[in-house]
Amino acid sequence: MFRLQLIKPDTNIRFIPRRIIFFIFSALLVLSALGLFLGKGLNYGIDFEGGIMLDVRTEGPADIASMRSTLNGLGLGDVSLQEFGAPNDVLIRLQKQDGGEQAQQEAVTKVKEALGEGIEYRRTEVVGPQVSEELFWDGVYAVCFAMVAMLVYIWFRFEWQFGVGAVVALVHDVMSTIGIFALLGWEFNLSTVAAVLTIAGYSINDTVVVFDRVRENLRKYKTMALPDLLNRSINETLSRTLMTSFTTLLALFALYSLGGEVIRSFSFAMIWGILIGTYSSICLAVPMLLYMKLPRRGGKAESKEATAEASS
């Protein structure tokens with residue numbers, strides 16, 4: 001019987017001796033993401049910026065150029081149109097209008113009058129500045145609370161040292177995702193926040209699997225040097241980690257290519273998150289344990305000197 005085997009059982013890739021390379025790469029990645037976020041900033045969607053969004057369907061293939069020209073002549077500020085899904089589905093976005101709720105509704109009326117008959121308005125959303133600010137902070141709080149909850153979970157299930165490694169990997173994944181959106185200028189909205197939370201959950205699941213093997217091997221190999229034990233634990237779970245990521249990516253690439261414009265940013269964030277989350281679980285979370293004085297059998301912690309000697 002044929003079995004797909006990405007990693008052979010006797011594989012022994014030397015991850016731990018290359019940890020400094022991984023740390024330097026990850027530090028550069030996070031610093032670049034932070035620089036892009038502070039310098040270039042994110043392209044916030046209507047959820048966070050406020051404004052008007054209309055989901056319309058035309059009778060035939062939409063003439064985007066003609067519609068854009070018509071709406072630009074209304075004096076409503078920045079107007080963006082994009083086709084998504086079918087050729088006759090168009091997403092219209094208008095910037096937030098001055099004058100409160102009444103001004104937003106007047107802008108919607110102007111758009112409907114300008115586009116005329118033969119247009120089906122499937123969805124109309126008006127997000128005011130107060131609501132958009134609340135949504136922004138709700139998204140920030142959701143990400144922060146999720147990370148704290150995961151830290152507490154890891155702490156109680158394993159030891160505090162494991163929790164620190166897991167949170168370092170989570171911060172790395174979240175920051176790099178924000179950085180890639182800042183670099184590409186893709187819209188950052190509530191669906192992207194949902195993707196970030198999903199990425200955090202997926203990443204911590206991968207990390208827990210490897211941590212569980214580390215804990216098992218700490219009990220099994222009482223005298224094995226910690227760097228060798230950590231490297232063994234990674235290799236023993238490598239096949240499961242890569243296979244899970246591979247099958248998840250198959251579904252995500254299908255969503256990205258066939259799901260349409262509406263969920264494209266969500267799908268892209270998930271694809272990036274799966275890749276970077278798999279990397280951080282293997283190359284960051286576990287190697288961090290080397291510097292955490294993990295308690296061995298009997299409550300003793302391996303000294304830094306022994307760790308350094310064994311890893312050299």
**Report entry** Output for the range 213-231, where each listed residue is in contact with a helix residue (DSSP H, G or I) (Cβ under 6 Å, 6 or more places away or on another chain) and of a type in the set (Lys, Arg)
**Finding:** 213
**Report entry** Hey, residue 106 free of Cβ contacts under 8 Å to residues at least 24 places away in the same chain, among the charged types (D, E, K, R) and exposed (fewer than 12 other Cβ atoms within 10 Å of the Cβ) or not
**Finding:** no
**Report entry** Count of the range 234-277 residues which are closer than 15 Å to residue 207 by Cβ, of a type outside the set (A, V, I, L, M, F, W, C) and either under 13 Å from the mean Cα position of the chain (by Cα) or surrounded by fewer than 16 Cβ atoms within 10 Å (Cβ to Cβ) (or both)
**Finding:** 3
Report task. Could you please find all residues in the range 148-167 being surrounded by fewer than 16 Cβ atoms within 10 Å (Cβ to Cβ) and closer than 24 Å to residue 38 by Cβ? Result -> 148
Query - Whichever residue in the range 197-233 is surrounded by fewer than 21 Cβ atoms within 10 Å (Cβ to Cβ) and of a type in the set (Phe, Trp, Tyr) and, among such residues, is farthest from residue 255 (Cα to Cα) - result: 221
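Results for (1) among the basic types (Lys, Arg); (2) touching a strand residue (DSSP E or B) at 6+ places or on another chain (Cβ under 6 Å), shown as yes or no for each residue.
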| position | (1), (2) |
| --- | --- |
| 123 | yes, yes |
| 160 | no, no |
| 208 | no, no |
| 220 | yes, no |
| 228 | no, no |
Query raised in the report: Given the structure, is residue 194 surrounded by fewer than 16 Cβ atoms within 10 Å (Cβ to Cβ), without any contact (Cβ under 8 Å) to a residue 60 or more places away in the chain, closer than 30 Å to residue 35 by Cα and in the same structural domain as residue 280 (by TED's automatic domain parsing)?
Result: no
Query - Subset of the range 8-57 (residues that are more than 26 Å from residue 167 (Cβ to Cβ) and not in a strand (DSSP E or B)) - result: 8, 9, 10, 11, 12, 40, 45, 46, 47, 49, 50
Report task. Taking residue 52 as the residue in question, decide whether it is in contact with a helix residue (DSSP H, G or I) (Cβ under 9 Å, 6 or more places away or on another chain), modelled with pLDDT under 80 and surrounded by 12 or more Cβ atoms within 10 Å (Cβ to Cβ). Result -> no
Query raised in the report: Can you name the residue in the range 21-49 that is farther than 28 Å from residue 190 by Cβ and touching a residue at least 40 places away in the same chain (Cβ under 8 Å) and is also surrounded by the most Cβ atoms within 10 Å (Cβ to Cβ) among such residues?
Result: 22
Report summary line: Of the residues in the range 240-280, those that are in contact with a helix residue (DSSP H, G or I) (Cβ under 8 Å, 6 or more places away or on another chain), among the small types (Gly, Ala, Ser) and over 21 Å from residue 185 (Cβ atoms) come to 245, 277, 280
Query raised in the report: Based on what the data block shows, is residue 90 in contact with a strand residue (DSSP E or B) (Cβ under 6 Å, 6 or more places away or on another chain) and without any contact (Cβ under 8 Å) to a residue 40 or more places away in the chain?
Result: yes
Report summary line: Of those in the range 55-112 that are under 18 Å from residue 264 (Cβ atoms) and of a type in the set (Val, Ile, Thr), the residue farthest from the chain's Cα centre (by Cα) is 64
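The values are calculated or read from the model by the stated rules, or taken from the named source; none is laboratory data. Bear in mind the structure is a predicted one, so any value in this text is a computation, not a measurement. Neighbour counts are summed over all protein chains in view; Cβ atoms, including those assigned to glycine, are modelled from backbone coordinates with ideal geometry.
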